[in-house]
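Step one of this worksheet: look at the structure below.
The values are calculated or read from the model by the stated rules, or taken from the named source; none is laboratory data. All figures in this text were calculated on a predicted structure; none of them were measured in a lab. Note: ideal-geometry Cβ built from the backbone for every residue, glycine included; neighbour counts use all protein chains shown.
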Amino acid sequence: MRNGFKLGVLALDGAMLSTLATALDTLRVAQKLAEIRDPQNAPRFETMLVSARGATSVTTVHGLEVHGVVATPDDLDVLLVPGIMHESPGDLLSRVASYDKERELVAAQQLRGVRIAASCSGGFLLAAAGLLDGRRATTSWWLAAAFRQCFPKVRLEADQILVDDRGVATSGAATAVQQLLLRLIAANGGEALAQSVARVLLIDPERQSQAPYVSEALIAQPRTSLSERAEKFLHRELHRDISVGELAEHVGASERSLLRHFRAHYGASPIAHIQRLRVERAKALLESTHLTFDEIVERCGYTDTSSFRKLFKRATTLTPADYRQRFALRAQ
């Protein structure tokens, strides 16, 4: 890449306006700050909305028509796929399937050496185009289960906000694309400029994990009768010790079948999933009650406060006290 770069944001009908605007506005701010810092030698950050269909406008999910869309130029450095609004994972996959020309474009651009990136659910389009096979990637945390089931060849790291693997970058929810933009600005305009952009736009460049924001209740999961029986039992009995054998007996499956089901359905063993649910309960109690952590630990089926504190921090990247300070409901 030269001193600066040219970014094309793929114009998708039904795209989230925030992804389009965030990319264009962030690099516009970077350009202005670069010119203030060094008017004679400022790096050049160019942005444009590009089409795979020869369109001159795009209609966002809000029904807003955005003009100024151009044909994809031959000298792009980065092509960004925006987030795609959807009703469910099934709806998202249907939308991605309809973007045949867009999948062809990103694959062709990648072969030309253009760096490819995706924001939020846009990663599904990259995966459907085969660009993520054998690569590490991330997506919005609530789509992780559906992504993992649909694209088993991708090494999904759903706890990460940004994953960049061999020229193909993916990010979590809509605002996470700012982390990618800061990295591009730093690489092509210097760390000092990236830091200035972060300060002006109030972006936290140290934010690396989605873990503190995860809510198991909101994760889109394909439902099965076995998983529904297991979930009901676990939520009812989470306050006490639960063995895999007891869970298997309750749902009418062998332990081996239960393990296979949980690996395919949750991407984790039954024990690991139970631990996730215990952490999720602790998070809810930290957010909504004044219970002490010892009392919360007891309600989560643990007797060893120290062990559960370590489990909680490993799962969320925060201590229980830090989590409560950040996420406690202010109206308590």
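Of the residues that sit in region 172-181 and are touching a residue at least 60 places away in the same chain (Cβ under 8 Å) and out of contact with any strand residue (DSSP E or B) (no Cβ under 6 Å at 6 or more places or on another chain), which one is surrounded by the fewest Cβ atoms within 10 Å (Cβ to Cβ)?
The residue in question is 175.
Using beta carbons and a limit of 8 Å, which pairs, at least six apart or on different chains, have the first residue in region 238-249 and under 11 Å from residue 278 (Cα atoms) and the second one assigned to a helix (DSSP H, G or I) and acidic (Asp, Glu)?
Pairs found: 239/298.
Just the residues that are touching a Lys or Arg at 6+ places or on another chain (Cβ under 7 Å) and closer than 23 Å to residue 200 by Cα, please, taken from region 4-37.
Selection gives 4 alone.
Regarding residue 46, is this residue within 25 Å of residue 183 (Cβ to Cβ), assigned by TED's automatic domain parsing to the domain that holds residue 111, more than 26 Å from the chain's Cα centre (by Cα) and of a type in the set (Asp, Glu)?
So residue 46 does not fit the description; no.
Quick one: residue 231 ticks every box in (1) surrounded by fewer than 13 Cβ atoms within 10 Å (Cβ to Cβ); (2) modelled with pLDDT of 85 or more bar one, so which box is it?
(1)
Anything in region 237-260 that is more than 22 Å from residue 299 (Cα to Cα) and assigned to a loop (DSSP other than H, G, I, E, B)? List them, or say none.
252, 253, 254
Of all residues in region 127-163, which are of a type in the set (Phe, Trp, Tyr) and under 14 Å from residue 92 (Cα atoms)?
Matches in region 127-163: 142, 147, 151.
Here is a list: 162, 92, 79, 143. Which entry is at pLDDT 95 or above and not assigned by TED's automatic domain parsing to the domain that holds residue 318?
79
A quick yes/no check of all residues on (1) of a type in the set (Phe, Trp, Tyr); (2) outside any loop (DSSP other than H, G, I, E, B); (3) surrounded by 18 or more Cβ atoms within 10 Å (Cβ to Cβ):
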position	(1), (2), (3)
6	no, yes, yes
12	no, no, yes
28	no, yes, no
34	no, yes, yes
55	no, no, no
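Check off (1) free of Cβ contacts under 8 Å to residues at least 60 places away in the same chain; (2) surrounded by fewer than 17 Cβ atoms within 10 Å (Cβ to Cβ); (3) closer than 30 Å to residue 36 by Cα; (4) not basic (Lys, Arg) for residue 198 and give me the number that stays unchecked.
Condition not satisfied by residue 198: (2).
Could you please give the count of residues in region 171-219 that are at pLDDT below 90 and small (Gly, Ala, Ser)?
8
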